[in-house]
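Single-structure report; data block below.
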Amino acid sequence: MRTVIAAGALALATQGAVAQDFSLMSAPFGSGSYVLGGALEQIVAANSETIRVSHSESPGFAFNHIQLQREPDLRKTMIIGSGRAISQLAVRGEPPFEEELPPVKALANYNLGSNFLATLDPEIKTVADLEGRQVALGRPPQINWTIQPEWLLKEGWGLGDSVSIQYLGTQEAVTALLDGQVDAAIVGGYFDPLSQQMELSPQTSEFLASGREAHFLDWGTAEVEKTAEAGMPMTPITLPAEALPGRDEPLEGFADTISWTVSEEFPEEAAYEITKLIIEHVGEFAEYHALGKLMSPEALVYGWDREEFHPGALRAYQEAGILE
């Protein structure tokens, strides 16, 4: 009888427990980041009795960092979409930021972005051949589609102002290239360096579907490393030839993390529980979006230094044997 009473009391206590509410601000509606943010909300709801995550869209990663600056109370309750490069620019107060912002710590990657230049001109064989030409990039606040490629052109390749950069937007850049208004445009996708799988971005797939003969330009490992040394966080990678239609050679490029991050003030136990859920259910993200197929336990930590993880997340990875 005592056992039955005790069990009943425990059940009532569990039912009456109030879950902690946290928010997640990801990226614009319809993006892969937005869909995977919604997936995290649902996975947490289905597998935790103590944590709830409410997901919402945002204009982008730069906005997310600025929001944490404007509303300090959110630092204890909000997860934001970010990445290693944009988070370091925020702390340093460098463009697209106008002031130094509070640091964040990583919970987990949900993708790695890899962007490179495409051209329709067979005479343009390397990035160096873009001197005196027009290159279309994304919008100024976009890290992977604009800021990092611009740094590579100037710091990695030393082109300085000899390239005319047009800040058009991701879809608009491809359209301008197809219309002959620019000589090269930024394209790319999402890459898992462990499985060597790649998912091209929608506008890149549309560009290739045009039937035009595209040429992709190597950023170059040495040039990526030179850019990183100049202060722009990025990791050299080599995309396999089969990752890009019509290409028979690997492409030397860069990767940047696309991640869920939190303030240093975020509760350690909550960071631990959320990260543990991500690790345990990482295979389920593929059910929500094709980019989820690129997620794996090892890829969750790729590109970050150990000390850049939130202590709660680090504990989860150590328990899972992913990090020492």
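The values are calculated or read from the model by the stated rules, or taken from the named source; none is laboratory data. This structure is a prediction, so every number in the text was calculated from the model and none was measured. Because the Cβ atoms are built from the backbone with ideal geometry, glycine has one as well, and the counts that use them run over all protein chains shown. Side chains included, ligands, DNA and RNA excluded: accessible areas come from the protein's heavy atoms. Shrake-Rupley method; radii C 1.70, N 1.55, O 1.52, S 1.80 Å.
Could you pull out the residue among GLY246, GLY231 that is farther than 28 Å from ALA108 by Cβ and in a loop (DSSP other than H, G, I, E, B)? Give the derivation first.
On the way: GLY231 fails: farther than 28 Å from ALA108 by Cβ.
It is GLY246.
For GLY30, only one of the following conditions fails: (1) within 19 Å of LEU294 (Cβ to Cβ); (2) touching a residue at least 24 places away in the same chain (Cβ under 8 Å); (3) exposed (fewer than 14 other Cβ atoms within 10 Å of the Cβ); (4) of a type outside the set (D, E, K, R). What is its number?
Here GLY30 clears every test but (2).
Check every one of the strands (runs of 3 or more DSSP E) wholly within the range 181-220 and list those with 2 or more residues that are within 22 Å of ILE124 (Cα to Cα).
Working: elements: 184-192, 197-200, 215-217.
Per the criteria, 184-192, 215-217.
Can you spot a residue in the range 260-281 that is polar (S, T, N, Q), part of a helix (DSSP H, G or I) and over 18 Å from the mean Cα position of the chain (by Cα)? Outline the logic, then answer.
Pass one, the range 260-281, residues polar (S, T, N, Q): 261, 263, 275.
Next, from what is left, pick out any that are part of a helix (DSSP H, G or I): 275.
Still in the list and also over 18 Å from the mean Cα position of the chain (by Cα): none.
Looking through the range 260-281, none of the residues is polar (S, T, N, Q), part of a helix (DSSP H, G or I) and over 18 Å from the mean Cα position of the chain (by Cα).
Can you report the number of residues in the range 155-188 which are under 24 Å from LYS226 (Cβ atoms), out of contact with any Pro (no Cβ under 6 Å at 6 or more places or on another chain) and touching a residue at least 40 places away in the same chain (Cβ under 8 Å)?
Number of matching residues: 8.
Counting only residues that are in contact with a Phe, Trp or Tyr (Cβ under 8 Å, 6 or more places away or on another chain) and more than 14 Å from PHE22 (Cβ to Cβ), which one in the range 256-292 is surrounded by the fewest Cβ atoms within 10 Å (Cβ to Cβ)?
ILE279
Conditions (1) within 25 Å of ALA90 (Cβ to Cβ); (2) at pLDDT 95 or above, marked per residue:
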| site | (1), (2) |
| --- | --- |
| SER23 | yes, yes |
| PRO28 | yes, no |
| VAL44 | no, yes |
| PRO59 | yes, no |
| LYS76 | yes, yes |
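On the basis of being surrounded by fewer than 23 Cβ atoms within 10 Å (Cβ to Cβ), farther than 29 Å from TYR302 by Cβ and either within 21 Å of the chain's Cα centre (by Cα) or modelled with pLDDT of 95 or more (or both), does GLN181 make the cut? It would help to see each step written out before you state the result.
Values: surrounded by fewer than 23 Cβ atoms within 10 Å (Cβ to Cβ): yes; farther than 29 Å from TYR302 by Cβ: yes; either within 21 Å of the chain's Cα centre (by Cα) or modelled with pLDDT of 95 or more (or both): yes.
Spelling it out, GLN181 is indeed surrounded by fewer than 23 Cβ atoms within 10 Å (Cβ to Cβ), farther than 29 Å from TYR302 by Cβ and either within 21 Å of the chain's Cα centre (by Cα) or modelled with pLDDT of 95 or more (or both).
Anything in the range 154-164 that is open to solvent by less than 30 Å² (accessible area, probe 1.4 Å) and either in contact with a Ser or Thr (Cβ under 9 Å, 6 or more places away or on another chain) or under 15 Å from VAL187 (Cβ atoms) (or both)? List them, or say none.
GLY156
Within the range 235-255, take every residue that is open to solvent by less than 60 Å² (accessible area, probe 1.4 Å), in contact (Cβ under 8 Å) with a residue 24 or more places away in the chain and of a type in the set (Gly, Ala, Ser) and give me the one that is nearest to ALA46 (Cα to Cα).
ALA255
Can you find even one residue in the range 74-86 that is open to solvent by less than 50 Å² (accessible area, probe 1.4 Å), among the charged types (D, E, K, R), within 22 Å of MET234 (Cβ to Cβ) and assigned to a helix (DSSP H, G or I)?
Within the range 74-86, one or more residues are open to solvent by less than 50 Å² (accessible area, probe 1.4 Å), among the charged types (D, E, K, R), within 22 Å of MET234 (Cβ to Cβ) and assigned to a helix (DSSP H, G or I).
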